[in-house]
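The values are calculated or read from the model by the stated rules, or taken from the named source; none is laboratory data. Predicted, not measured: the structure shown is a model, and the values here were computed from it. Every residue, glycine among them, receives a Cβ derived from its backbone with ideal geometry; neighbour counts consider all protein chains shown.
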Amino acid sequence: MKKIRALNDYPQTWALQVDQCVLEIAIKYTRRRGSVALKYQNGNWVFYCPQNLAPQKIASLLKGYQADFEHLIVSQQLKSAPSNQIPSIATEFSWLGEMRSKLEFGDSLERVLIGEAQQYFTEKVPYYATQMRLQPKQIKVKSYQACWGNCYHQRGLLQFNWKLLQAPSWVVDYVIVHELAHLVHPNHSTDFWSLVHRHYPQTPQAKRYLKENGQRMMHLAIAE
Ligand SMILES: [Zn+2]
């Protein structure tokens with residue numbers, strides 16, 4: 001009789017940090033030996049790996065593939081259409097350091113806030129770009145469900161999530177410096193982080209803020 005292996009101790013999902021997005025990737029264990037694969041299926045990422053591997057071995061495999069997967073996910077994001085979902089925001093929310101009410105916007109909420117965010121980033125990005133001696137070619141504001149920013153370094157394109165402006169400006173500025181630094185280092189190497197820290201000493205505090213409040217900020221914008 002075939003022995004059925006209990007998979008309880010094995011990770012069911014894997015949180016992969018890609019740029020400033022955290023993607024939850026479902027793990028599926030297969031009978032096939034030796035092969036692992038990351039696949040994009042129905043809008044979700046699924047990691048396939050053999051079920052005869054120990055959990056620690058799986059963890060080290062995932063780490064080893066991190067860079068490849070980041071690359072794959074970023075290229076998939078380039079292909080996928082931007083989200084047109086119109087989020088509704090809880091009545092009161094913080095915006096550029098002030099409390100605002102969604103009642104003042106009606107149906108035009110996302111359009112108005114994207115416009116305001118576009119103006120904010122268009123003014124603020126050049127300030128840090130000059131300090132860092134960088135010249136981004138284009139700055140766009142978009143609606144993301146899980147990212148604060150993105151940098152397509154070859155095109156010199158920086159993209160920011162409008163929902164980020166619910167955070168204090170010193171947190172927003174960290175994301176600006178982070179994305180600008182990707183124009184030099186399209187990775188999260190030691191050199192990348194030392195560039196970010198050099199131009200933005202409050203980096204650890206800002207990262208902590210996003211870690212603690214990011215989910216709420218993302219959800220606030222899409223919650224009913
Ligand atoms: Zn990054």
Margin query: Looking for something at pLDDT 90 or above, surrounded by fewer than 16 Cβ atoms within 10 Å (Cβ to Cβ) and in contact with a strand residue (DSSP E or B) (Cβ under 6 Å, 6 or more places away or on another chain) - is there at least one such residue anywhere in region 132-139?
Written below: yes
Next item on the list: Quick one: Lys211 ticks every box in (1) part of a helix (DSSP H, G or I); (2) in contact with a helix residue (DSSP H, G or I) (Cβ under 6 Å, 6 or more places away or on another chain); (3) without any contact (Cβ under 8 Å) to a residue 60 or more places away in the chain except a single one, so which number is it?
Entry: (2)
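For (1) surrounded by 12 or more Cβ atoms within 10 Å (Cβ to Cβ); (2) modelled with pLDDT of 60 or more; (3) among the basic types (Lys, Arg), each residue gets a yes or a no:
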{"site": "Asn52", "(1), (2), (3)": "yes, yes, no"}
{"site": "Leu62", "(1), (2), (3)": "yes, yes, no"}
{"site": "Tyr65", "(1), (2), (3)": "yes, yes, no"}
{"site": "Asp68", "(1), (2), (3)": "no, yes, no"}
{"site": "His71", "(1), (2), (3)": "yes, yes, no"}
{"site": "Ala81", "(1), (2), (3)": "no, no, no"}
{"site": "Leu96", "(1), (2), (3)": "yes, yes, no"}
{"site": "Met99", "(1), (2), (3)": "no, yes, no"}
Note to self: Test of understanding: among Leu164, Leu195, Leu210, Leu157, which residue is within 16 Å of the ligand (Cβ to nearest atom), more than 14 Å from the chain's Cα centre (by Cα), aliphatic (A, V, I, L, M) and within 28 Å of Trp45 (Cβ to Cβ)?
What the structure shows: Leu157
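Look through region 154-183, keep the residues that are surrounded by fewer than 16 Cβ atoms within 10 Å (Cβ to Cβ) and either farther than 27 Å from Arg100 by Cα or among the charged types (D, E, K, R) (or both), and return whichever of them is modelled with the lowest pLDDT.
If we filter region 154-183 for residues that are surrounded by fewer than 16 Cβ atoms within 10 Å (Cβ to Cβ), which is where we start, we get 154-156, 168-170.
Checking which are either farther than 27 Å from Arg100 by Cα or among the charged types (D, E, K, R) (or both) leaves us with 154-156.
Numbers: Gln154: 91, Arg155: 94, Gly156: 95.
Selected residue: Gln154.
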Check: Could you list, in sequence order, the residues of region 173-192 that are over 18 Å from Pro126 (Cβ atoms) and more than 11 Å from the ligand (Cβ to nearest atom)?
Finding: Thr190, Asp191
Item checked: Scope region 12-35; condition at pLDDT below 75 and outside any strand (DSSP E or B); matching residues -> Asp19, Gln20, Arg32, Arg33, Gly34, Ser35
Margin query: Restricting to region 90-128, name every residue that is in contact with a helix residue (DSSP H, G or I) (Cβ under 6 Å, 6 or more places away or on another chain), part of a loop (DSSP other than H, G, I, E, B) and small (Gly, Ala, Ser).
Written below: Ala90
Margin query: Going through Tyr127, Tyr120, Tyr144 one at a time, which residue ends up being over 17 Å from the mean Cα position of the chain (by Cα) and surrounded by 18 or more Cβ atoms within 10 Å (Cβ to Cβ)?
Written below: Tyr120
